[in-house]
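Below: the structure, in structure tokens.
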Amino acid sequence: MASIIFEGKKFDVKSGDSVLATLNEKGKDIKFGCQAGLCQACVMQAIDGDPPAKAQLGLNENQKALNYFLSCQCVLPEEGSLTVGRLGAAQLTQQSKVLEKFWLNSAIIALRLQVPDQDFSYRAGQYATLWKDERVGRSYSIASTDQEGWLEFHIQVHQQGAFSAWAADTLNVGDEISLQGPLGECFYQAEPEQKLLLTAVGTGLAPIYGILKEALRQQHSGGIQLLLGARSSADFYLVETLLAIEKSHENVSIHWLAMDVDAEHDFARSEDIYGFVKNQLGSLTGAKVYLCGAQSFVMKMRKSSFLAGAAMSDISADSFIAFGA
Ligand code: FES
């Protein structure tokens, strides 16, 4: 049986259980978030022994050199043993300050945060985990480019959301906030003349908006199609900004697709987003595709894009895993 040594005590590990599950079952109160290897809320340090490679996926070289690992992804081999330690907030997070906060529509706020002074080089489309306190953290995509001078996040506000309701109601301009990251591989990396398809639902628009701005900043010359989906056309946000970008760039076209379209949003079409890719979008052969939104959307759209001709290696996805709001 595998074992973990933590704070001087040895714990047996049930077959297939992670370090996180084992320690929390013993009441050790290890922080966690997504439990899917994405948010890095559960990072610990191996003090003696090597964590499996899978438990270090997504960590940077510095973190790997320090033997950090994702405890939710760390399953030891039979008879394996690892001595592990907890990391303090100061080792994982950096301090930032709220520069601006405003509503993008009736349910989504934008937070603009100061870029931390040290070691925070990021690309639009990556994500970071924002912490309300020691226990409550949530991951959000970065909607700003590294030329804009701030980090912008779009937060869907849920009335009972431990993070989002706090961010909407209590967090103020000038307040300090901890953040962890940047994380993820979903950012602009295409040939300048390559076709781009950027597709999002809900606040999946945040990384897509960042990637679009970065592509235009780098003078992307290939056609760029934005495919934005919503249940109701009233849910779309950044509408005027995006329409202005479309108007001023010949190579940008935006398709607004919603199940319900009202008279105020006559630029939108009442159409299923997957049906649109299948029947109207044309071939995606040679295109670079970015997909951002809920996990079910990303999975279905990945398949639709592949069937429309995109190579799997040209499809980058950022799917939101639900783990509280
Ligand atoms: S809880 Fe382990 S990476 Fe999110």
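The values are calculated or read from the model by the stated rules, or taken from the named source; none is laboratory data. Computed from a predicted model, the values in this text were never measured in an experiment. All Cβ positions, even for glycine, are placed from backbone atoms using ideal geometry, and neighbour counts span all protein chains on display. Note: areas computed on protein heavy atoms with side chains; ligands, DNA, RNA excluded. Shrake-Rupley method; radii C 1.70, N 1.55, O 1.52, S 1.80 Å.
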Name the single residue, out of those in region 166-187 being surrounded by 16 or more Cβ atoms within 10 Å (Cβ to Cβ) and modelled with pLDDT of 95 or more, that is farthest from D314 (Cα to Cα).
L171
Hey, can you tell me all the residues within region 259-285 that are under 15 Å from V201 (Cβ atoms), of a type outside the set (A, V, I, L, M) and in a loop (DSSP other than H, G, I, E, B)?
E271, D272
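Would you mind finding the one in G37, G49 that is in contact (Cβ under 8 Å) with a residue 12 or more places away in the chain, among the small types (G, A, S), within 11 Å of the ligand (Cβ to nearest atom) and open to solvent by less than 60 Å² (accessible area, probe 1.4 Å)?
Only one candidate passes the filter, namely G37.
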Does Y237 meet the test of being out of contact with any His (no Cβ under 7 Å at 6 or more places or on another chain), assigned to a loop (DSSP other than H, G, I, E, B) and either basic (K, R) or open to solvent by less than 30 Å² (accessible area, probe 1.4 Å) (or both)?
yes
Just one of (1) under 19 Å from the mean Cα position of the chain (by Cα); (2) in contact (Cβ under 8 Å) with a residue 60 or more places away in the chain trips up L59, so point out which.
(2)
Only one residue in A317, A308 is more than 22 Å from the chain's Cα centre (by Cα) and more than 16 Å from the ligand (Cβ to nearest atom). Which one?
A308
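Can you find, within region 117-132, the residue that is nearest to the ligand (Cβ to nearest atom) among those that are open to solvent by 30 Å² or more (accessible area, probe 1.4 Å) and either modelled with pLDDT under 90 or in contact with a Gly (Cβ under 7 Å, 6 or more places away or on another chain) (or both)? Break it down into steps so the answer makes sense when it comes.
As a first pass, look at region 117-132 and keep what is open to solvent by 30 Å² or more (accessible area, probe 1.4 Å): 117-119, 121, 123, 127, 132.
Adding the requirement that they be either modelled with pLDDT under 90 or in contact with a Gly (Cβ under 7 Å, 6 or more places away or on another chain) (or both) leaves 117-119, 121, 127.
On the way: D117: 25, Q118: 23, D119: 20, S121: 21, Y127: 12 Å.
Looking at residues that are open to solvent by 30 Å² or more (accessible area, probe 1.4 Å) and either modelled with pLDDT under 90 or in contact with a Gly (Cβ under 7 Å, 6 or more places away or on another chain) (or both), I get Y127.
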